[in-house]
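The values are calculated or read from the model by the stated rules, or taken from the named source; none is laboratory data. This structure is a prediction, so every number in the text was calculated from the model and none was measured. Glycine gets a Cβ as well: all are built from the backbone with ideal geometry, and neighbour counts include every protein chain shown.
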Amino acid sequence: MFDLQADFKVILPDLKAHGHSATEDVEDYYVKCADDLNETLEHLGVESAHIVGCSLGGMIGIFFAKQHHSSVRSLTFSGVMPKVPDNWDELSKAEAAEITAVMNNRESAAQLDEIHGQGWRALAHFFLQLNSYPFEAVGDLSSIQAPMLFIVGESQPHETLGVQRYPTMNDGVLVAVIPFSGHHVQTEQPELYANILRLFIKNIS
């Protein structure tokens, strides 16, 4: 991940219905993804780790920290909305249109079939459901005991709401707002992201 391999042992698992984790079972998706990650760490003999997740991975990281707290040294997450936006209906309709367009595009669908297998289609249908975003779970960090870092791109108003919201519910949350970046802050400003992540881990270790 980024340029962190020189300093850390980096494990990059494919989430359920992604890459080599092919499946069409997306029921209880977030909970099962967190359990999958726990099984992976146990299989590798890793008792605890610094968990880092972006977007969907960030949400899974939050679920993991709640379900398997003893395995979490720290949690860093980004690309997450802490509450339902006022214009959620509009946003969800736009996202649904994008997902549907990809599913109906033969070339794009064929590429995703090659990368993820048929499971991505089941996951796409899951995300088309109005209640697929786990706002209640990702909006409440009060039960998480590990140190946390919320990294957010400054151009995402629905995500920057967490800058004030998250630290007020858990004093273990630190926040970093990255300029000139949005939802995919880890790829839009990779050097800044990696440096902040490295500094965070260094100071809590």
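Can you go through ASP7, ASP14, ASP25, ASP36 and tell me which one is part of a loop (DSSP other than H, G, I, E, B) and touching a strand residue (DSSP E or B) at 6+ places or on another chain (Cβ under 8 Å)?
Sole residue among the options that is part of a loop (DSSP other than H, G, I, E, B) and touching a strand residue (DSSP E or B) at 6+ places or on another chain (Cβ under 8 Å): ASP14.
How many residues does the range 152-169 contain that are among the polar types (S, T, N, Q), closer than 17 Å to MET59 by Cα and over 16 Å from the mean Cα position of the chain (by Cα)?
So the count comes out to 0.
Which ranges mark the helices (runs of 4 or more DSSP H) fully within the range 58-148 that have 2 or more residues being touching a helix residue (DSSP H, G or I) at 6+ places or on another chain (Cβ under 7 Å) and more than 21 Å from LYS32 (Cα to Cα)?
88-104, 106-116
Can you pull out the residues in the range 150-168 that are surrounded by fewer than 22 Cβ atoms within 10 Å (Cβ to Cβ) and in contact with a strand residue (DSSP E or B) (Cβ under 8 Å, 6 or more places away or on another chain)?
Correct list: GLU154, THR160, VAL163, PRO167.
Checking ARG165 against (1) over 30 Å from ALA22 (Cα atoms); (2) of a type outside the set (S, T, N, Q); (3) at pLDDT below 95: exactly one of these is not met. Which one?
ARG165 satisfies all of (1) over 30 Å from ALA22 (Cα atoms); (2) of a type outside the set (S, T, N, Q); (3) at pLDDT below 95 except (3).
Every residue, every condition in (1) surrounded by fewer than 16 Cβ atoms within 10 Å (Cβ to Cβ); (2) under 22 Å from GLN145 (Cβ atoms); (3) modelled with pLDDT under 95, yes or no:
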| residue | (1), (2), (3) |
| --- | --- |
| GLU27 | yes, no, yes |
| GLU47 | yes, yes, no |
| MET59 | no, yes, no |
| PHE64 | no, yes, no |
| VAL72 | no, yes, no |
| LEU75 | no, yes, no |
| VAL84 | yes, no, no |
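Looking at this structure, is HIS43 farther than 27 Å from PRO167 by Cα, of a type outside the set (Asp, Glu) and either in contact with a helix residue (DSSP H, G or I) (Cβ under 8 Å, 6 or more places away or on another chain) or in a helix (DSSP H, G or I) (or both)?
So HIS43 passes the test.
Whether any residue in the range 169-186 is buried (at least 18 other Cβ atoms within 10 Å of the Cβ), over 21 Å from LEU91 (Cβ atoms) and among the aromatic types (Phe, Trp, Tyr) is what I want to check.
no
Considering the range 101-118 alone, what residues qualify as being over 17 Å from HIS20 (Cα atoms) and either loosely packed, with under 13 Cβ neighbours inside 10 Å or in contact with a strand residue (DSSP E or B) (Cβ under 8 Å, 6 or more places away or on another chain) (or both)?
ALA101, ASN104, ASN105, ARG106, GLU107, SER108
May I ask you to say which residue of ALA17, ALA34, ALA6, ALA22 is among the hydrophobic types (A, V, I, L, M, F, W, C) and closer than 21 Å to SER71 by Cβ?
ALA34
Starting from the range 20-46, keep only residues that are under 12 Å from LEU123 (Cβ atoms), then list their pairs with residues that are among the aliphatic types (A, V, I, L, M) and part of a loop (DSSP other than H, G, I, E, B) whose Cβ atoms are within a distance under 7 Å, requiring at least 6 positions of separation or different chains.
SER21/LEU15; THR23/ALA17; VAL26/ALA17; CYS33/LEU15
Look through the range 134-149, keep the residues that are of a type outside the set (Gly, Ala, Ser) and either in contact (Cβ under 8 Å) with a residue 60 or more places away in the chain or closer than 15 Å to THR100 by Cα (or both), and return whichever of them is surrounded by the fewest Cβ atoms within 10 Å (Cβ to Cβ).
GLN145
Residues in the range 110-119: is at least one touching a Gly at 6+ places or on another chain (Cβ under 8 Å) and not hydrophobic (A, V, I, L, M, F, W, C)?
Yes, that holds for at least one residue.
Going by what's in this entry, would HIS43 be described as surrounded by fewer than 19 Cβ atoms within 10 Å (Cβ to Cβ) and closer than 16 Å to LEU141 by Cβ?
no
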